[in-house]
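The values are calculated or read from the model by the stated rules, or taken from the named source; none is laboratory data. Note that this is a predicted model, so its numbers are computed, not measured. When we count neighbours, we look across all protein chains shown, and the Cβ atoms used for this are built from the backbone with ideal geometry, even at glycine. Please note that ligands, DNA and RNA were not included when accessible areas were found on the heavy atoms of the full protein model with its side chains. Shrake-Rupley method; radii C 1.70, N 1.55, O 1.52, S 1.80 Å.
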Amino acid sequence: MKTMHRRTDWIILAMKWAGVMALSLLAVLFIIRWIGWSVNKRIPEGGVNTSMYVDVNGSRQWINIYGKDRNNPVLLYLHGGPGSATSLFDYAFTRKWSDVFTVVTWDQRGCGKSFDMFHPETITADIMMSDGKVMTEYLRDFLHVDRITLLGHSWGSYFGANLALAYPEYYDAFIGTGQFIDPDENEHRLYKAALSWSDNDPEGREMVDKWARSREQGEDDFLLRNRIMDRYGFGMMKDGQDYNMFMTVLCNPNYSIKELLDYMRHGEDAFIPYMSFLKSGGFREMSLLGRYDYSMPYYNIDGDMDYQTNFELACEYFSKVNAPKKELLVMKNATHGLLESRSEEFSALLHGSVIP
């Protein structure tokens, strides 16, 4: 009986210590969160750091504006996806451009901080193009500038190039990274590459064949597609990040604790309307093939191992672009996640070549 009591006492003591340790860890995380949040929330002297919601075609859409000098040119960053808002962590890399640009980060319709579970969004090419035009007009008026630089990643490069072609009077430069050109040709080239990669790999070939069957049925399996690229060393984030993702999210100045929890619960819901858009004719009609005339400087910063948005296709398109100035900057051994995984290198290229 005494042995049983001793065991019970030890169990109770261990549970108490576990509780104390858990509370201590939460306290430490809270302190780190508060300090990081406070630091990242500061307004640079002579600069700007503000967030707001903008009414865009009846949709409440969130932006952050950050820069170290209000007189710097304005850059609008267009995240990828479509529907993959990066506001949870993008301040970690977009602020690296804030010494030369006033950077606007925007959670596009129905995703990130613009997500509204009670009012699900409808996504079409016309709606997205109209949203881009309205947001641009708002920023021109709010920041008192005539023209804005566009920087788009992945879907954002496709979206941004379409905006630059449609409204050349609004933009002083276009910068595409992970440049997306055409959905059908992009997938065709990825499939050909995947067949080559899996030539002597029966398990890999089975994955490729399964993906091909899903494509034929109009039900593209994006997770399987990404697993194939990961398997052969071409995954989006093969290089990880050059910043600490956990600390970046924890100290995010744009998210309250409640918003972080809401994002974890509902983040994937934002993709649902975008899945229909990806399969639509409207998405394909945004193809850049055959549309090469830009009225502003055209830049690409691309990874030479990018198959998510095919690097060779982006190079072929670039060779046909007509623009007052154009430059292709290649990041060696980089895949699709170059903007996030090698943000220091990306920022150095941006500073070195793409300054108005």
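So which residues in region 75-107 are over 24 Å from His266 (Cβ atoms) and open to solvent by 10 Å² or more (accessible area, probe 1.4 Å)?
If the condition is that a residue be over 24 Å from His266 (Cβ atoms) and open to solvent by 10 Å² or more (accessible area, probe 1.4 Å), then Arg95, Lys96, Asp99, Val100 are the ones that fit.
Answer yes or no: is there a residue in region 173-195 that is among the polar types (S, T, N, Q), buried (at least 16 other Cβ atoms within 10 Å of the Cβ) and on the phi > 0 side of the Ramachandran plot.
no
Is it fair to say Glu327 is of a type in the set (D, E, K, R), in contact with a helix residue (DSSP H, G or I) (Cβ under 8 Å, 6 or more places away or on another chain) and free of Cβ contacts under 8 Å to residues at least 60 places away in the same chain?
Answer is yes for this residue.
Of the conditions (1) in contact with a Gly (Cβ under 6 Å, 6 or more places away or on another chain); (2) within 30 Å of Tyr167 (Cα to Cα), Met237 fails just one. Which one is it?
Result: Met237 fails condition (2) only.
Cβ-Cβ under 7 Å, sequence separation 6+ or interchain: first residue in region 242-265 and under 22 Å from Leu338 (Cβ atoms), partner open to solvent by 30 Å² or more (accessible area, probe 1.4 Å) and in a helix (DSSP H, G or I). Which pairs?
Asp242/Glu344
Got a sec? Which of Asp209, Asp199, Asp221, Asp230 is over 30 Å from Met52 (Cα atoms), at pLDDT below 90 and out of contact with any Leu (no Cβ under 9 Å at 6 or more places or on another chain)?
From the options Asp209, Asp199, Asp221, Asp230, the qualifying one is Asp221.
Restricting attention to region 277-292, which residues are in a helix (DSSP H, G or I) and basic (Lys, Arg)?
Residue satisfying the conditions is Arg284 alone.
Specify which of the listed residues (Tyr263, Tyr274) is in a helix (DSSP H, G or I), buried (at least 17 other Cβ atoms within 10 Å of the Cβ) and in contact with a Cys (Cβ under 8 Å, 6 or more places away or on another chain).
So the residue among Tyr263, Tyr274 that is in a helix (DSSP H, G or I), buried (at least 17 other Cβ atoms within 10 Å of the Cβ) and in contact with a Cys (Cβ under 8 Å, 6 or more places away or on another chain) is Tyr274.
Matching residues to (1) more than 11 Å from Gln179 (Cβ to Cβ); (2) of a type in the set (D, E, K, R); (3) over 17 Å from the mean Cα position of the chain (by Cα):
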| residue | (1), (2), (3) |
| --- | --- |
| Ser295 | yes, no, yes |
| Tyr307 | yes, no, no |
| Leu328 | no, no, yes |
| Glu344 | yes, yes, no |
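Are any residues in region 56-67 open to solvent by 50 Å² or more (accessible area, probe 1.4 Å) and touching a Phe, Trp or Tyr at 6+ places or on another chain (Cβ under 9 Å), and if so, which ones?
Pass one, region 56-67, residues open to solvent by 50 Å² or more (accessible area, probe 1.4 Å): 57-58, 60.
Answer for region 56-67, where residues must be open to solvent by 50 Å² or more (accessible area, probe 1.4 Å) and touching a Phe, Trp or Tyr at 6+ places or on another chain (Cβ under 9 Å): just Arg60.
Out of the residues in region 302-356 meeting the condition of being assigned to a loop (DSSP other than H, G, I, E, B) and of a type in the set (Lys, Arg), tell me which one is nearest to Asp146 (Cα to Cα). Let's see the steps before the verdict.
Taking region 302-356 as the starting set, the residues that turn out to be assigned to a loop (DSSP other than H, G, I, E, B) are 304-310, 321, 323-325, 332-337, 342, 354-356.
Among the residues that remain, those that are also of a type in the set (Lys, Arg) are: 325, 332, 342.
Working: Lys325: 20, Lys332: 35, Arg342: 32 Å.
So, considering only residues that are assigned to a loop (DSSP other than H, G, I, E, B) and of a type in the set (Lys, Arg), the one nearest to Asp146 (Cα to Cα) is Lys325.
Among the numbered criteria (1) within 30 Å of Val39 (Cα to Cα); (2) open to solvent by less than 10 Å² (accessible area, probe 1.4 Å); (3) modelled with pLDDT under 95; (4) in contact with a helix residue (DSSP H, G or I) (Cβ under 8 Å, 6 or more places away or on another chain), which one does Phe346 miss?
If we test Phe346 against (1) within 30 Å of Val39 (Cα to Cα); (2) open to solvent by less than 10 Å² (accessible area, probe 1.4 Å); (3) modelled with pLDDT under 95; (4) in contact with a helix residue (DSSP H, G or I) (Cβ under 8 Å, 6 or more places away or on another chain), just (3) comes out false.
Does region 124-137 contain at least one residue that is in contact with a strand residue (DSSP E or B) (Cβ under 7 Å, 6 or more places away or on another chain), open to solvent by less than 40 Å² (accessible area, probe 1.4 Å) and not in a helix (DSSP H, G or I)?
No.
Condition first: assigned to a strand (DSSP E or B) and closer than 27 Å to Phe222 by Cβ. Now tell me which residues in region 64-109 satisfy that.
If the condition is that a residue be assigned to a strand (DSSP E or B) and closer than 27 Å to Phe222 by Cβ, then Leu76, Tyr77, Leu78, Thr105, Trp106 are the ones that fit.
What is the residue count in region 108-123 for residues that are surrounded by fewer than 19 Cβ atoms within 10 Å (Cβ to Cβ) and under 13 Å from the mean Cα position of the chain (by Cα)?
0
Could you give every pair whose Cβ atoms fall below 6 Å, whose first residue belongs to region 297-320 and is over 16 Å from Ala193 (Cα atoms), and whose second residue is hydroxyl-bearing (Ser, Thr, Tyr) and surrounded by fewer than 23 Cβ atoms within 10 Å (Cβ to Cβ), counting only separations of at least 6 or pairs across chains?
Sorted first by the residue in region 297-320, then by its partner, the pairs are Lys320/Tyr292.
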